[in-house]
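Below: one structure, written as structure tokens.
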Amino acid sequence: MRERETLLQTLTQERNRLHALQHKARTMTTVVALVQQRIDLLKEQITALERSMHTLVAMNTELSEPLKLLLTVPGYGFVTAASVLAETQSFLGLHSSRQLSAYAGIAPAPHQSGAMTGPAHISKTGNEHLRRTASLAAIGAMKCKGPVGQYDRQLRARGKPAKVALVALGRKLLGIGFAVVTSGRPYDEAFESKRMAALLGKQVLC
């Protein structure tokens with residue numbers, strides 16, 4: 001998963017470089033061709049990695065079973081589900097969704113300076129890969145019509161900035177993922193709708 005992330009970052013850099021070269025007044029065609037070849041190679045390597053990931057999951061029930069459960073949760077695709085399992089070792093050693101949020105660095109933490117305590121903020125001291133994956137899952141889920149998407153929309157309607165709502169949704173999705181995997185039961189939209197309604201009735205710290 002981390003190698004794929006590195007390749008994607010390099011691919012973005014090379015695409016930006018190609019775009020800049022193509023818009024220069026004078027550019028050597030050889031240079032453009034070399035950059036394009038690197039882009040094609042990176043795409044091939046990403047495809048090969050993803051094939052290998054699917055094969056690995058298919059051969060290992062300790063991976064395939066929790067991954068199937070995560071895929072029942074809105075916002076989770078194969079890559080995000082696999083990333084969460086990889087970064088947490090299938091939630092090994094984690095005992096609660098709050099602990100998982102802290103590990104990802106997206107748990108609300110009060111701002112303190114001496115004896116003064118201010119509004120909560122996100123610590124960002126945890127696993128940056130897991131934190132990024134939570135954000136990707138949230139982006140995928142925010143437009144859903146069910147309770148997960150409604151959670152994001154209600155936070156925004158209450159005046160939460162878009163970024164704060166996105167972090168809160170990512171944290172919520174990690175919690176739901178933890179619940180379905182540790183319980184062994186797939187996502188239940190009706191049950192989650194009741195939970196979301198209860199949560200939104202309280203003050204949300206972001």
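The values are calculated or read from the model by the stated rules, or taken from the named source; none is laboratory data. All values derive from a computational prediction rather than experimental measurement. Methodologically, a virtual Cβ is constructed for each residue, glycine included, from the backbone with ideal geometry; neighbour enumeration extends over all protein chains shown.
Testing THR182 on (1) in a helix (DSSP H, G or I); (2) more than 18 Å from ILE106 (Cα to Cα); (3) out of contact with any Phe, Trp or Tyr (no Cβ under 8 Å at 6 or more places or on another chain), one condition comes back false. Which one is that?
Condition not satisfied by THR182: (3).
Of all residues in the range 59-107, which are surrounded by 14 or more Cβ atoms within 10 Å (Cβ to Cβ), touching a Gly at 6+ places or on another chain (Cβ under 9 Å) and in a loop (DSSP other than H, G, I, E, B)?
Matches in the range 59-107: LEU71, VAL73, PRO74, GLY75, TYR76, PHE91, GLY105, ILE106, ALA107.
So the check is Cβ under 8 Å with 6+ separation or different chains; which pairs have a first residue in the range 112-137 that's at pLDDT below 75 and a second one that's in a helix (DSSP H, G or I) and surrounded by 14 or more Cβ atoms within 10 Å (Cβ to Cβ)?
Sorted first by the residue in the range 112-137, then by its partner, the pairs are ILE122/VAL167; SER123/ALA102; LYS124/ARG131.
Does THR10 count as within 26 Å of ILE139 (Cβ to Cβ), out of contact with any His (no Cβ under 6 Å at 6 or more places or on another chain) and part of a helix (DSSP H, G or I)?
It is true that THR10 is within 26 Å of ILE139 (Cβ to Cβ), out of contact with any His (no Cβ under 6 Å at 6 or more places or on another chain) and part of a helix (DSSP H, G or I).
Take the range 16-46 and flag every residue that is surrounded by 11 or more Cβ atoms within 10 Å (Cβ to Cβ), part of a helix (DSSP H, G or I) and either among the β-branched types (Val, Ile, Thr) or not assigned by TED's automatic domain parsing to the domain that holds ARG4 (or both).
Matches in the range 16-46: VAL31, VAL32, VAL35, ILE39, ILE46.
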